[in-house]
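The values are calculated or read from the model by the stated rules, or taken from the named source; none is laboratory data. Keep in mind that what you see is a predicted model, and the values were worked out from it rather than measured. Using ideal geometry, Cβ is built from the backbone for each residue, glycine included, and neighbour counts are taken over all protein chains shown. Ligands, DNA and RNA are stripped out before the accessible areas are found, and what is left, the full protein with its side chains, is counted by its heavy atoms. Shrake-Rupley method; radii C 1.70, N 1.55, O 1.52, S 1.80 Å.
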Amino acid sequence: MTATVTTDRLTVTTDRLTRVPGLLYGGDWNPEQWPEQVWAEDVKLMAEAGVNLVTVGVFSWARLQPDADSWDFGWLDRLFDLCHRHGVAVDLATATASPPAWLVRAHPELLPVTADGVRLEFGSRQHYCPSSPAYREAAVRLTRALAERYRHHPALALWHIHNEYGDHVQECFCPDSAVDFRRWLRERHGGIEELNRSWGTAFWSQRYTSFEQIEPPRTAPGPVNPTQLLDWRRFCSDALLALHRAEKAVLDEVSPGVPVTTNFMSMLKALDYWEWSRHEDLVSDDAYPDPADPRAHVNAAMNYDLMRSLKGGRPWLLMEQAPSAVSWRPVNVPKRPGLYRLWSLQALARGADGVLHFQWRASVAGAEKFHSAMLPHRGTAARGWQETVRLGAELRRLGEIAGSRLRGRAAVLLDWDSWWALELDDHPSARMRWPELLRPWYAALHERGVTVDFVPPTAGLDGYPLVLAPNLYLLDTATADRLTAYVRDGGRLVCGPFSGIADRHDHIHPGGHPGPLRELLGIVVDEHWPIPDGATTAVRLDGAAPDGPRSDGAEAHAEPHGADLRAERWSEWIETEGAETLARYASGTLAGLPAVTRNRLGAGTAWYLSCHLGADTGRVLDLPLAEAGVGAELPDLPADVEATRRHAADGRQYLFLLNHGGVERRVPLDTPGTDLLTGAATGDAVTLAPLGAAVLRLPAAEERP
Ligand code: GLA
């Protein structure tokens, strides 16, 4: 919610998520699981913990609407009033993620069907077909009933549509879906001949003469038409979005002025969040890094950077995290003391304006009874409760950071269309998976303390000195032209392998890979050369390897002495067409051929990595980072310390320093500030305990000594 606040002295534009001041703190509260006497204790304890926002109603449909013609709002009315009396704002869910049994039995066709034709049963949650008219009608009706009843309630601060779209059910292959898919295809392609061309149906006699002949890509004897599958991915994201938009339209109509969100699931393949976030008033995310993974915070940082980027840097909300263990991994390791606090601060460090949880009070029944909660089964004597109270107190001390923003120093291109197309079957290697290609690039940037923004392929790139594209398998010529113009005008682009391959129909760009990037990168790919599982190919950075390829296949993937880097998963036989070679393959059949290149074009530069360098990616990225002058938020950042900087409208900065390691670290500072967590003024350095953190308020430049 961007609001302009005018006092008698000045006008300040704030960028608040909701009308609740400061940072948001709370969680999913499922009061229908408890007798009402317990609610009184809940709100008392919420006050003790500093909770100011609770999400209610997420799974309340059966309670709110016991049958088709009756409603039971009395309990929710009492809950709203109770919250209001205790100063707790409500994020009201539309309760549509789990249709009740009576609706399912009246409309069994709304249950989702798998690609193998199995209809999934009632008894869990998210048991609905995204294209079911019966489900949609009932969901919209419930949303309207809730909106009409609570729109003016003073406790209402936020609407929470549905819950985690695409969590359990991302696609449905039932007859209703088939009808909707055909409608979607007609809109996209216009006529059946256009569809035939787009899908390349001349192949394997797949030609259609009418849309009625088309079905969802159910399990078939062999490989299914890839463009059909790609359109299916697009359709499935759109079908869920259409549901979301139907509820959003009701809320916008009935309850204008109250912001609306739905909880995203970090970097989720199934949903094109660039498109989705256009329909959110604010972005919120559910994040469950694994405490058993010592590098989990790197992945979390990546997801948080995406969430911040989805609305161009606006603050976002961590809608759910676990206070300690989850209950859905094979082994659910709790968060060791200090980790919950550190990871909560990490979300703020990357632009969140609130930290909410699943869930407030631990359930005693149901599939999630072993999931941690802000108020654990043991009650207020539990270690977890002490952490809940401590974090609430700290967030109050950090309240002034709300509304401040981060900006990445470089941009990473992310395109869901390309992700979907990259991971289709029957490619040179099934190991080219977007998250696995992206992660080492992101990890290298994180290790170097470089904050990045994610950008869609349609983004203007002008403000960024460096743009990274770990993979652009699917690339239309318009995007390639934009990238070329960006480089010609002085930009720097680093492009990963297997890029510029296909157009938006997933047809190969003619004339050699990387198609529309060929001139920009100054190279041509002769042949893709995937690396077998477990093998690596040596790459030598100085370009000093002998010329020419080897014919000696027997030595493939053996690493010769002196090689610098290791490629895994993927390599390419490339030839330069104007680019200079910065690194060559140093083992295997490709030994001597270029592996990493740099091409000067106009006023800018384009690098190409023809292989996947895994953990060694950073050693190549150091070159463009240095040329672009893109560095860490703080120089001399010790290992394991994450540093980010949020900027306030008044010029103040908030420097977050987070020690993810198990060893005490001393962080030198260029500007003294005040640690908001302790209130202490800093000198020329801050010492961070293992899992320790500091949030420094730094004065605006003109106020600095
Ligand atoms: C998701 C869901 C919640 C709950 C948690 C458990 O985030 O939205 O309802 O199931 O997972 O981790």
Filtering segment 46-62 down to residues that are away from the ligand (no atom under 16 Å from the Cβ) and without any contact (Cβ under 8 Å) to a residue 40 or more places away in the chain yields N52
Residue ID - nearest to S284 (Cα to Cα), chosen from residues in segment 8-42 that are open to solvent by 70 Å² or more (accessible area, probe 1.4 Å) and modelled with pLDDT under 70: T13
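Each row is one residue, and each column tells you yes or no for (1) under 28 Å from W385 (Cβ atoms); (2) away from the ligand (no atom under 16 Å from the Cβ); (3) modelled with pLDDT of 95 or more.
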{"site": "K44", "(1), (2), (3)": "yes, yes, yes"}
{"site": "P66", "(1), (2), (3)": "no, yes, yes"}
{"site": "F80", "(1), (2), (3)": "yes, yes, yes"}
{"site": "G123", "(1), (2), (3)": "no, no, yes"}
Answer with yes or no whether T201 is away from the ligand (no atom under 16 Å from the Cβ), in contact with a Phe, Trp or Tyr (Cβ under 8 Å, 6 or more places away or on another chain), among the β-branched types (V, I, T) and farther than 25 Å from W434 by Cβ. yes
Pairs please, first residue from segment 438-454 and touching a residue at least 24 places away in the same chain (Cβ under 8 Å) and on the phi > 0 side of the Ramachandran plot, second anywhere and part of a loop (DSSP other than H, G, I, E, B) and open to solvent by 10 Å² or more (accessible area, probe 1.4 Å), Cβ atoms under 6 Å, 6+ apart in sequence or on different chains. G449/A632; G449/E633; G449/L637
Let me spell it out: the conditions are (1) open to solvent by 30 Å² or more (accessible area, probe 1.4 Å); (2) touching a helix residue (DSSP H, G or I) at 6+ places or on another chain (Cβ under 8 Å); (3) farther than 25 Å from S309 by Cβ, and T219 meets all of them except one. Which number is the exception? (2)
Filter result for the condition that a residue is closer than 20 Å to L243 by Cα and buried (at least 23 other Cβ atoms within 10 Å of the Cβ), over T94, T114: T94
Complete set of residues in segment 213-235 that are part of a loop (DSSP other than H, G, I, E, B), closer than 19 Å to E194 by Cα and polar (S, T, N, Q): N225
Where M374 falls short, out of the listed (1) touching a strand residue (DSSP E or B) at 6+ places or on another chain (Cβ under 6 Å); (2) under 25 Å from I501 (Cα atoms); (3) not small (G, A, S): (2)
Kindly check whether there is at least one residue in segment 225-242 that is over 25 Å from P457 (Cβ atoms), away from the ligand (no atom under 16 Å from the Cβ) and among the β-branched types (V, I, T). no
Can you name every residue in segment 17-27 that is assigned to a strand (DSSP E or B) and either among the small types (G, A, S) or over 19 Å from A393 (Cα atoms) (or both)? G26, G27
Boolean, T143 is among the β-branched types (V, I, T), assigned to a loop (DSSP other than H, G, I, E, B) and under 29 Å from the mean Cα position of the chain (by Cα): no
D167 being of a type in the set (D, E), in a helix (DSSP H, G or I) and touching a residue at least 24 places away in the same chain (Cβ under 8 Å): no
How about segment 460-480: which of its residues are under 25 Å from Y273 (Cβ atoms) and either charged (D, E, K, R) or open to solvent by 20 Å² or more (accessible area, probe 1.4 Å) (or both)? G460, D462, G463, Y464, D476, T477, A478
Mind listing just one residue for me: the one in segment 140-173 that is away from the ligand (no atom under 16 Å from the Cβ) and acidic (D, E) and, of those, most open to solvent (accessible area, probe 1.4 Å)? E148
Which condition number in (1) open to solvent by less than 10 Å² (accessible area, probe 1.4 Å); (2) outside any helix (DSSP H, G or I) is the one that L195 fails? (2)
Do we find a residue being in a strand (DSSP E or B) and surrounded by fewer than 20 Cβ atoms within 10 Å (Cβ to Cβ) anywhere in segment 447-458? no
